Amino acid sequence: MERILVSACLMGRKVRYDGAAKTSGDALLAAWRQQGRLIPFCPEVEGGLPVPRPAAEIEGGAGGEAVLSGAARVLTAEGADVTEAFLSGARAALAAARTHGVRVAILKEGSPSCGSLVIYDGAFEGGRVPGHGVTTALLERHGIAVFCEERVAEAAARLRELGDRHPGPT
Ligand code: SF4
C-alpha cells in the first residue's frame, strides 16, 4: 500500500502561519487516513518556524525551483529572510517521504512551501502566479508527484498507475 505525504494543515493541524488549520473534507483523503496511509507533515514547522509566524512569500513570485538554486529568497512582508528555514523544511519533507517510500504527495495549494499550481507573487497583496512552493519543487525534482487538495482524484489515478490496488474509486 502506497503511503502519501500530506500537508499537516489539511489534516486539521493548526500549523499555518496564522495559527489555523485548513482541514480538508475530501472523502478520499478521509478514507486514506482510515487506512493509515497518510503522513501529515508541515515543512515550515519542521524547518524551525514557529506557529503563528509572519506570512512569507518567494520574492518576485519566482517559484520554488529558483529558491533551490539560490536565485530567489523567501521573505516576510517586513523583509526578514526565512529562506534557510524553508529549505530545511523542504529537505525534511523529502527525507520523510524517502523514509516511507512515498511517491505521491498532496500539499496545500498557494503556500510558498506546498503550492503546486500557484503561489503568491511576492508583493504581499494577494496576487498569485503559476508556480511551485519550495517543498513541492524539491519533491518533484526527486520524482515525487505533488497534487493539491483539489486534485485528490488525480492523485488516486497516479497511485493506480503505480500499481496500488486500493487507491479508491475511479
Ligand atoms: Fe500547511 Fe504546508 Fe503551510 Fe505547513 S507549510 S501550514 S503544511 S501549507
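Out of every Cα-Cα pair that the chain contains, those further apart than 28 angstrom amount to 17 percent. Computed per residue of the chain from DSSP H runs no shorter than four, each worth -39500 (n - 2.57), the mean residue ellipticity at 222 nm is -8500 deg cm²/dmol. Scanning residues 5 or more positions from residue 118 or on other chains, those with amide H under 5 Å from its amide H are 110, 131, with H placed 1.01 Å from N in the peptide plane.
In loop segments of segment 1-52 as defined by DSSP, the trypsin sites (Lys or Arg not before Pro) with at most 16 further C-beta atoms inside 10 Å of their C-beta are 14. Over all other residues within a Cβ to Cβ distance under 13 Å of residue 127, the charged ones net out to -2, with Lys and Arg as +1 and Asp and Glu as -1. Mean separation of Cα pairs under 8 Å and 6 or more residues apart, divided by the residue count, gives the chain a relative contact order of 24 percent. Around residue 75, under 9 Å between beta carbons, what's the net of Lys plus Arg minus Asp minus Glu among the other residues? Its environment carries a net charge of -3. Shown here for segment 34-121: GluC sites (Glu not before Pro) in loop regions (DSSP other than H, G, I, E, B) with at most 10 other Cβ atoms within 10 Å, namely 78. Magnitude of the charge dipole for segment 4-161, about its Cα centre and with charges confined to Cβ atoms of Lys, Arg (+1) and Asp, Glu (-1), is about 720 debye.
Every number in this text was worked out from the coordinates using simple rules, so none of it is lab data. Just so we're clear, the structure is a prediction, and the values are computed from it rather than from any experiment. Virtual Cβ from ideal backbone geometry, glycine too; neighbours counted across all protein chains shown.
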